[in-house]
Amino acid sequence: MSITIAELRNHWLDLMETAEVVYLSTLDEAGFPDTRAMYNLRRKVQFPSLAHLFVGHEEDLLIYLGANTSSRKIRHIQANPKVAVYYCDSKLFHGLLLQGNAELVEDPSIQAALWQPGWERHYPGGPEDPDYTVLRLVPPRAKGWWDNKTFDVDLGQNP
């Protein structure tokens with residue numbers, strides 16, 4: 001018996017809400033992937049105050065990430081917005097790769113809504129710090145490994 005897309009989506013959402021970190025890959029100046037671990041803002045145990053931001057986004061799998069405006073990843077995205085975001089459970093060997101074009105969010109209300117205590121160490125000026133940027137991704141494609149099988153799903157969003 002094969003797993004349905006709806007069942008897969010439920011597993012993906014669970015993984016997105018429990019993975020300790022999320023991995024973001026951008027393309028560097030030479031066209032090579034550049035991958036780094038990021039805070040998983042959908043992780044309910046670590047960021048319970050953010051859970052409401054993802055309600056209603058079970059279908060589109062919305063992702064927000066915080067980043068330094070001055071970072072290499074932001075320069076990469078400005079040059080080429082194509083990114084991959086990877087969630088995994090290494091114990092179960094499950095993986096979810098979401099691909100799409102990242103957007104730089106310029107809405108101060110979203111930046112403020114995502115702000116977390118302690119982030120002053122990264123952004124001393126608080127949520128208004130010019131070096132604090134929010135990335136948004138609504139992925140059009142999901143790929144990965146689940147239940148000992150690969151999957152590649154068109155999510156229906158525009159790239």
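The values are calculated or read from the model by the stated rules, or taken from the named source; none is laboratory data. It should be emphasised that the depicted structure is a prediction, and the values quoted were computed from it without experimental measurement. All Cβ positions, even for glycine, are placed from backbone atoms using ideal geometry, and neighbour counts span all protein chains on display. These area figures cover heavy atoms from the full protein model, side chains too; ligands, DNA and RNA do not enter into them. Shrake-Rupley method; radii C 1.70, N 1.55, O 1.52, S 1.80 Å.
Taking N as the residue count of segment 52-159, its C-alpha radius of gyration divided by 2.2 N^0.38 Å amounts to 1.18. Please give the FRET efficiency for ASP154 paired with SER109, using the beta carbon to beta carbon distance and R0 = 30 Å, rounded to the nearest 0.05. In this case the efficiency is close to 0.45.
Between the helical axis of 5-18 and the longest alpha-carbon principal axis of the chain there is an angle of about 40 degrees. So how many Lys-Lys pairs in the chain land under 20 Å Cα to Cα, not counting same-chain pairs under 8 apart? For the chain, the number of qualifying lysine pairs is 5. Computed from the Kirkwood radius of its Cα pairs, the Stokes-Einstein diffusion coefficient for segment 101-158 at 37 °C and 0.692 mPa s stands at 236 µm²/s.
Restricting the calculation to alpha carbons of segment 34-88 gives Rg and Dmax of 12.7, 34 angstrom. Split the accessible area of the chain by element, probe 1.4 Å, and carbon with sulfur accounts for 54%. In plain terms, if you count all Cα to Cα distances in segment 1-62 and split them into 5 Å steps from zero, the share in each step is 4, 16, 20, 20, 15, 13, 9, 3, 0 percent.
Per residue, the accessible area of the chain comes to 55 Å², computed with a 1.4 Å probe over protein heavy atoms only.
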